[in-house]
1. Report ³J(HN,Hα) in whole Hz for each residue of region 363-378, in order, from the Karplus equation J = 6.51 cos²θ - 1.76 cosθ + 1.60 where θ = phi - 60°; Gly and Pro get x.
2. Spin-label point model (7 Å from Cα, Cβ direction): what's the Tyr106 to Arg423 distance in nm?
3. Could you list, in their original order, any pairs among Lys213/Lys378; Lys283/Lys364; Lys119/Lys145 whose Cα atoms are separated by more than 25 Å?
4. Would you work out what percent of the accessible area of the chain, with all protein chains in place, is carbon or sulfur (probe 1.4 Å)?
5. Rounded, prolate or oblate: which fits region 138-189, taking a ≥ b ≥ c as square roots of the Cα gyration tensor eigenvalues, rounded meaning a/c under 1.5, else prolate when a/b beats b/c?
6. Explain nothing, just the number: dipole magnitude of the chain about its Cα centre with +1 on each Lys and Arg Cβ and -1 on each Asp and Glu Cβ, in debye rounded to the nearest 20.
7. Estimate the FRET efficiency between Thr90 and Asp244 by the formula 1/(1 + (r/R0)^6), using the beta-carbon distance for r and 60 Å for R0, to the nearest 0.05.
8. When Lys and Arg each count +1 and Asp and Glu each count -1, what net charge do the other residues less than 10 Å away from Gly190, Cβ to Cβ, add up to?
Amino acid sequence: MTALTKTLLATQIRKHRAEIARWHLKKIKEAPPPFYSSVDLRDAGFKIVPVDSNLFPAGFNNICPEDLRTAPPILRAHIEAEMAHLERPTPKKILILPESHTQNQYYVENLYYLQQILKKAKFDVRIGWFGARPESTPEGPILLKSATEKTLEAHPIEIKEGELSVPGFTPELILLNNDFSSGYPKSLDGISQPIVPSHTLGWHSRKKSEHFKYYNILAGEFAKMIDIDPWLIQVDTQEVDSVDFNEGTGVDRVEASVKEILERTTSAYQRHAIDHKPFVYIKNNAGTYGMGIMVVHSTDEVKNMNRRTKNKMSVGKNKMKIQSVAIQEGVPTATLIDRLPAEPVIYLFGGELIGGFLRTNSEKNAEENLNSPGMVFKMLCMTDLRTELEDEQEEPELELVYGSIARISALAAGLELAHNRKRLNS
């Protein structure tokens, strides 16, 4: 099975292409995917699943030049459709509202390429600045320098009578590249211009376990539709709330959840004749940047956590306290680049693939979290996903499989967002 999983998935997806298209369109109408997203995939050879989904993606600088060239018309069509749904005209002016990472030059590089995609899509674009000015900066635009010495101007925003603007520029659409992990600013609530994605949908309100609940439901439907074992594309995930590793609160429930998932994974490995020791991820349930993640192979590793590990598992991005964790079936990566473990990261505008990259890490093994210090990015063009096929009309195997799973994750995020909206409006 290991060597044939991608081929099996590709064969079944091709066979049911028309049915998948109808299913996908139906799901988009029920709960539209987020404005944009990035999906981290794990290809173990014997199964292929998403392991994270980010609704405010950075890393546009890592997308290959060919895909950056083809992205603008996809983005423009997406924005036109989004605004038509809101019964508004297509905007001419767009403001990007980013994270305040003045010291992170790679993040600034990401902003540069995101801005370039928008400009090439024929929009007038500015970068805004929310919050306090960095210390010792003169009046006027804040200068941001990227990792390759590109200089960007970020303009302090102003809100008057419900309208957000920067000096000399009033946008008709605001594009967030900031997940407001520690909570969104209430001053954005009354803004008259559309904000995409919504500022209410950052990690202050999302949970990874919620995303994977919806993903597994959709993956089960997809598997039934194309007649495959759903285990090949599902990822066993449980939520444990009210956890404090430093205080020992809820650790017994974490151990119980780890035990359950290890037992189910062991059973699945036996059923599929997989020779690999099962393991589990314990993840911060509401965070990004690869913070608050550990790998365990037994409940003893949870019970005997040292002080350093407890500290690591107690604080996430922006020093926010970790109070909820997702316990997730561990999926090793069989993808190797220069003999290093790697994982594909796929970028989407709505439900449309635009590109991606491969994340590698010389300091980690095939089981560990690669989104951590030591990571390096390799270009992964959509053309690189393609293999030579006898029928040139056929969609390439890797593009077909990785793309299908990334789209299911985007649809799951749409369901997640719809649920969040109902909760916030109730």
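1. Once θ is set to phi - 60°, the couplings for region 363-378 become 9, 10, 9, 5, 9, 7, 5, 7, 7, 7, x, x, 6, 9, 10, 10 Hz.
2. Each label point is offset 7 Å from its Cα along the Cβ direction, giving 3.0 nm.
3. On the way: Lys213/Lys378 30 Å; Lys283/Lys364 17 Å; Lys119/Lys145 19 Å.
Violating the 25 Å Cα-Cα cut-off are Lys213/Lys378.
4. Details: 9670 of 19350 Å².
The value for the chain is 50 percent carbon and sulfur by accessible area.
5. Details: a/c = 2.15, a/b = 1.36, b/c = 1.58.
Here region 138-189 falls in the oblate category.
6. For this selection, approximately 720 debye.
7. Working: r = 49 Å, r/R0 = 0.81.
That gives a FRET efficiency of 0.80.
8. Counting the neighbours of Gly190, the net charge comes to -2.
The values are calculated or read from the model by the stated rules, or taken from the named source; none is laboratory data. Not measured: the values here are computed from a predicted model. Heads up, the Cβs are rebuilt from the backbone with ideal geometry, glycines too, and the neighbour counts pull from every protein chain shown. Remember, those area values only see protein heavy atoms, side chains included, never the ligands or the DNA or RNA. Shrake-Rupley method; radii C 1.70, N 1.55, O 1.52, S 1.80 Å.
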